[in-house]
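The values are calculated or read from the model by the stated rules, or taken from the named source; none is laboratory data. Note that this is a predicted model, so its numbers are computed, not measured. Reconstructed Cβ throughout: ideal geometry from the backbone, glycine too, with neighbour counts over all protein chains shown.
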Amino acid sequence: MTASGTFGYGPEFSDFMDLSRIGGIFVKGTTLRERQGNPYPRMAETSSGMLNAVGLQNKGTEYFINHIYPNVKTIDTNILVNLSGSTIEDYVEAAQMLNELEKIPGIELNISCPNVKEGGMAFGTSCSSAAKVVKAVRTVYKKELIVKLSPNVTDISEIALAVEAEGADSVSLINTLLGMAIDSEKRKPILSTVTGGLSGPAVKPIALRMVWQVARAVKIPVIGLGGIMNAADAIEFILAGASAIQIGTANFIDPTVSIKVIDGIDNYLDRHGFQSVSDIIGTLEI
């Protein structure tokens, strides 16, 4: 699948590939109300990845339903909405609206967002706040509920167990790691927000470790992402316990990377005599 914020809404990539070949598209982050995002500059390249501080710029859930959904509902793959919020009430209201869309089979809760009612601490950095938002959304959302976990925590397995207990159908990890970049000549931060989310090859070893830990802790499926650039990377995540993977930053480098990864996984299975991806999930030998 393709990760939120790296693949637009899907049609933007239709000139490069047959979208029906990929397992799903997580559309760019959506919030209840329109957000302008952060001031520029809000992206920075690093030696082995990128930093972003876009700030969830989008036109809101109602706009998505009225203007985006009609254009994506006919794409022959799973269209999933990455949902963010500043309060639990925001998440719940938007989830209720998205629950009515026939061709949206699931949502991905981004709990790395700051909870404005709790002084700005991200929902996903404590078990109690993560559990609260998942429990509240679960009461109104009846389809697949995926929870995207933040890596900026002490023990990600505890967060995963907390959201599993409150009804999450699956978890996706990792979201970006907090980082920063400095212009030494100007002696100023490159990003307007000073810090931003680090993604790309640099985060892969951390993401791989966290996927392995979470897959051993929970009973629900784990979706792995973080620095997957090719088929070999994807296979590593599957061996570590991921039932599916998302490709993010690599889409900016090669818009056809998802198809190449699919073909590469098929080739790996053929070479090793496996019939299905399910035959290798979590088969890492320790």
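Of a type outside the set (S, T, N, Q) and under 24 Å from I22 (Cα atoms) - does that describe any residue in the stretch 110-121? Reasoning before the result, please.
Going residue by residue through the stretch 110-121, those that are of a type outside the set (S, T, N, Q) are 111, 113-114, 116-121.
Cutting the leftovers down to under 24 Å from I22 (Cα atoms) gives us none.
The answer is no; no qualifying residue exists.
Selection within the stretch 44-74: residues that are surrounded by 15 or more Cβ atoms within 10 Å (Cβ to Cβ) and under 30 Å from D263 (Cβ atoms). The member of this set that is nearest to the chain's Cα centre (by Cα) is N52.
The rows are residues; the columns are (1) of a type in the set (F, W, Y); (2) surrounded by fewer than 16 Cβ atoms within 10 Å (Cβ to Cβ).
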{"position": "A217", "(1), (2)": "no, no"}
{"position": "V222", "(1), (2)": "no, no"}
{"position": "N230", "(1), (2)": "no, yes"}
{"position": "F237", "(1), (2)": "yes, no"}
{"position": "S243", "(1), (2)": "no, no"}
{"position": "V257", "(1), (2)": "no, no"}
{"position": "V261", "(1), (2)": "no, no"}
{"position": "I280", "(1), (2)": "no, no"}
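On the stretch given as the stretch 163-178, residues that are within 29 Å of P205 (Cβ to Cβ) and surrounded by fewer than 23 Cβ atoms within 10 Å (Cβ to Cβ) total 6. Check the stretch 103-123 and report whether any residue there is among the charged types (D, E, K, R) and either surrounded by 20 or more Cβ atoms within 10 Å (Cβ to Cβ) or part of a strand (DSSP E or B) (or both). Yes, the stretch 103-123 has at least one match. Condition check: within 17 Å of the chain's Cα centre (by Cα), of a type outside the set (D, E, K, R) and modelled with pLDDT under 95. Does G200 satisfy that? No; evaluated as a whole, the condition is false for this residue.
Screening P114 against (1) at negative phi; (2) modelled with pLDDT of 95 or more leaves a single unmet condition, (2). Name the single residue that is surrounded by the fewest Cβ atoms within 10 Å (Cβ to Cβ) among those in the stretch 1-43 being touching a helix residue (DSSP H, G or I) at 6+ places or on another chain (Cβ under 8 Å) and of a type in the set (S, T, N, Q). Among those residues, the one meeting the criterion is T6.
Here are some residues: S20, S4, S86. Which one is at pLDDT 95 or above and under 19 Å from the mean Cα position of the chain (by Cα)? Quick ask: steps written out before the conclusion?
Working: S20 fails: under 19 Å from the mean Cα position of the chain (by Cα); S86 fails: at pLDDT 95 or above.
Only one candidate passes the filter, namely S4.
Only one of the numbered conditions (1) closer than 24 Å to I107 by Cα; (2) touching a Leu at 6+ places or on another chain (Cβ under 7 Å); (3) not hydrophobic (A, V, I, L, M, F, W, C) is not met by S258, and that is (2).
State which residue is modelled with the lowest pLDDT when the search covers only the stretch 137-152 and only residues that are under 18 Å from the mean Cα position of the chain (by Cα) and surrounded by fewer than 20 Cβ atoms within 10 Å (Cβ to Cβ). Break it down stepwise before answering.
First pass over the stretch 137-152, keeping only residues under 18 Å from the mean Cα position of the chain (by Cα): 137, 143-152.
Applying the additional criterion that residues be surrounded by fewer than 20 Cβ atoms within 10 Å (Cβ to Cβ) yields 143-144, 152.
Working: K143: 98, E144: 98, N152: 92.
Once the filter is applied, the top-ranked residue is N152.
Being of a type in the set (D, E, K, R), part of a loop (DSSP other than H, G, I, E, B) and more than 15 Å from the chain's Cα centre (by Cα) is a description that does not apply to E164.
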